[in-house]
1. Quick one: which residue in Asn57, Asn79 is in a loop (DSSP other than H, G, I, E, B) and near the ligand (Cβ under 7 Å from one of its atoms)?
2. Return the total of residues in region 88-131 being among the aliphatic types (A, V, I, L, M), outside any loop (DSSP other than H, G, I, E, B) and within 15 Å of the ligand (Cβ to nearest atom).
3. Consider Gly46 against the criteria (1) surrounded by fewer than 19 Cβ atoms within 10 Å (Cβ to Cβ); (2) at pLDDT 95 or above; (3) more than 10 Å from the ligand (Cβ to nearest atom); (4) not hydroxyl-bearing (Ser, Thr, Tyr): it satisfies all of them except one. Which criterion is unmet?
4. Out of Gln178, Gln134, I need the residue that is in a loop (DSSP other than H, G, I, E, B) and surrounded by 13 or more Cβ atoms within 10 Å (Cβ to Cβ). Which one?
5. Restricting to region 21-43, count the residues that are away from the ligand (no atom under 12 Å from the Cβ) and assigned to a helix (DSSP H, G or I).
6. Quick one: what pairs do we get from region 179-203, first residue on the phi < 0 side of the Ramachandran plot and in contact (Cβ under 8 Å) with a residue 12 or more places away in the chain, second of a type in the set (A, V, I, L, M) and part of a loop (DSSP other than H, G, I, E, B), C-beta under 7 Å, 6+ apart or different chains?
7. Suppose we filter Ala93, Ala22, Ala38, Ala17 for residues that are surrounded by fewer than 20 Cβ atoms within 10 Å (Cβ to Cβ) and among the hydrophobic types (A, V, I, L, M, F, W, C); which single one remains?
Amino acid sequence: MRVVFLGAPGVGKGTQANRIAAQYQVGKISTGDLLREAVRNRTTLGLAAKSYMDQGNLVPDAVVIGLVREKLADPSCANGFVLDGFPRTVPQAETLGAVLASQGVALDRVVNFQVSREDVVRRLSGRRSCPKCQATFHVDFAPPRVNEICDRCGEPLVQRSDDRREAIEMRLKVYDEQTAPLVRYYDERRLLFPMDASGAVDVVFQHLSQELAPYRAT
Ligand code: AP5
């Protein structure tokens with residue numbers, strides 16, 4: 001299974017990528033998670049990426065392409081992968097295609113998550129995450145058992161620095177300008193699967209899981 005989850009910030013790509021990767025035993029590559037890990041570890045790459053991320057801009061292509069190349073070679077991706085948040089520009093998509101072709105493989109499907117702008121803003125502004133184990137919650141849609149405390153490790157939850165209103169606006173603008181062209185790019189290559197992701201998490205998961213079942217490793 002080699003799939004890409006495409007869609008605006010906050011449509012639920014990460015939530016579903018975790019579940020699909022667990023169900024089908026494939027690797028999950030989230031460039032957002034990899035970059036946030038680099039920021040937390042204060043690596044050179046993380047320090048360089050932080051200001052782009054905080055403002056809601058994209059990190060330069062060369063940086064994220066390097067991260068993804070490394071991860072694709074990881075044993076966790078031996079059965080395939082779900083790419084969450086990559087590619088996000090046409091040059092990233094072209095590089096991904098070339099890397100896979102050099103391995104004699106290709107993408108199976110690109111799922112385009114679709115949710116109204118109003119819902120996206122609501123999902124992003126209510127998101128909370130655990131700074132220790134990175135679990136994600138939502139104040140209304142996936143609240144923790146104890147208010148603002150992680151269910152798994154008891155840490156106080158935090159709001160991502162790019163989930164502030166100004167950063168959300170910038171991320172949506174950047175999505176429209178730089179990432180939305182990938183919808184056409186993958187549609188022309190007959191890989192696109194448009195998916196209504198406005199329902200509850202379990203409903204979206206059921207639909208997605210059925211769509212991706214033909215691509216599971218045998
Ligand atoms: P990244 O972390 O990839 O952010 P994003 O694409 O903006 O996506 P999000 O993580 O915000 O949302 P999501 O769609 O995963 O939604 P989630 O499942 O969390 O990237 C962050 C930054 O890193 C970028 O801005 C950029 O700077 C940089 N970057 C990353 N990749 C890059 C690349 N390829 N190139 C260049 N730069 C890159 O859900 C959101 C909330 O909604 C949660 O609270 C969740 O609980 C809730 N929720 C989920 N599903 C549902 C549902 N069905 N119903 C109700 N609530 C739901």
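The values are calculated or read from the model by the stated rules, or taken from the named source; none is laboratory data. Everything numeric here is computed off the predicted structure, so don't read it as measured data. Ideal geometry is used to build each Cβ from the backbone, glycine not excepted, and the neighbour counts take in all protein chains shown.
1. Asn57
2. 9
3. Against the list (1) surrounded by fewer than 19 Cβ atoms within 10 Å (Cβ to Cβ); (2) at pLDDT 95 or above; (3) more than 10 Å from the ligand (Cβ to nearest atom); (4) not hydroxyl-bearing (Ser, Thr, Tyr), Gly46 comes up short only on (2).
4. Gln134
5. Looking only at that region, the number is 5.
6. Leu191/Leu107; Ala197/Val11; Ala197/Val115; Ser198/Val115
7. From the options Ala93, Ala22, Ala38, Ala17, the qualifying one is Ala22.
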